[in-house]
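K.L.:
Could you have a look at this structure, given as structure tokens, before my questions?
What follows is calculated from the coordinates using simple rules that are stated; it is not laboratory data. Keep in mind the model is a prediction, meaning the values are calculated, not measured. Cβ sites come from the backbone with ideal geometry, for glycine too, and all protein chains shown count toward neighbours.
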Amino acid sequence: MMSQGRLHFVAIAWIVLGVLTLPSCGFKRQLVSITLIPNLATLTGFGVQLQFKAVGNYIHPPDSRDITTSVVWQSAAPQVVTVDATGLATSGPGCGTGIVISATAHNDPHDNSSGIVVGTAAVTVNPPPPATCP
């Protein structure tokens, strides 16, 4: 037969264990969306730089965290604006509007065969004044 003190300790241990494991619900952590900050930007001039940040939004447990260095960055118009592996965008000699910058990652960070999640932002690149885009 268990003493009341030992029973109380065992009950608390089970409650703590349950609380610690509850948020995961037994499922693997899963990336469901990527938010890029800023999501809309304008760069005026050649060689202007802007740092993008990628925020991963997860379920199991619900969480958001900076994944800027864990995503693959890409510019839809690298002749107008480039983006490096750290999310640093740099305007080139051209100009354009609505250029898509994307950040891509797998929804399971430990399984490269899992689904793909993409976050996007739009960039406008203008030439330095007084020039205008054609």
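K.L.:
Can you find, within the range 73-91, the residue that is farthest from the chain's Cα centre (by Cα) among those that are more than 15 Å from residue 41 (Cα to Cα) and either hydroxyl-bearing (Ser, Thr, Tyr) or surrounded by 15 or more Cβ atoms within 10 Å (Cβ to Cβ) (or both)? Break it down stepwise before answering.
P.N.:
Looking only at the range 73-91, we keep the residues that are more than 15 Å from residue 41 (Cα to Cα), and these are 73-74, 78-79, 84-86.
When the remaining residues are screened for being either hydroxyl-bearing (Ser, Thr, Tyr) or surrounded by 15 or more Cβ atoms within 10 Å (Cβ to Cβ) (or both), the result is 73-74, 86.
On the way: 73: 10, 74: 13, 86: 12 Å.
Once the filter is applied, the top-ranked residue is 74.
K.L.:
Kindly establish whether residue 125 is more than 17 Å from the chain's Cα centre (by Cα), of a type in the set (A, V, I, L, M) and closer than 14 Å to residue 41 by Cβ. Spell out how you get there, then give the answer.
P.N.:
Numbers: more than 17 Å from the chain's Cα centre (by Cα): yes; of a type in the set (A, V, I, L, M): yes; closer than 14 Å to residue 41 by Cβ: yes.
Yes; evaluated as a whole, the condition is true for this residue.
K.L.:
Answer yes or no: is there a residue in the range 106-117 that is crowded, with 17+ Cβ neighbours inside 10 Å and more than 15 Å from residue 30 (Cα to Cα).
P.N.:
No - not one qualifying residue is present in the range 106-117.
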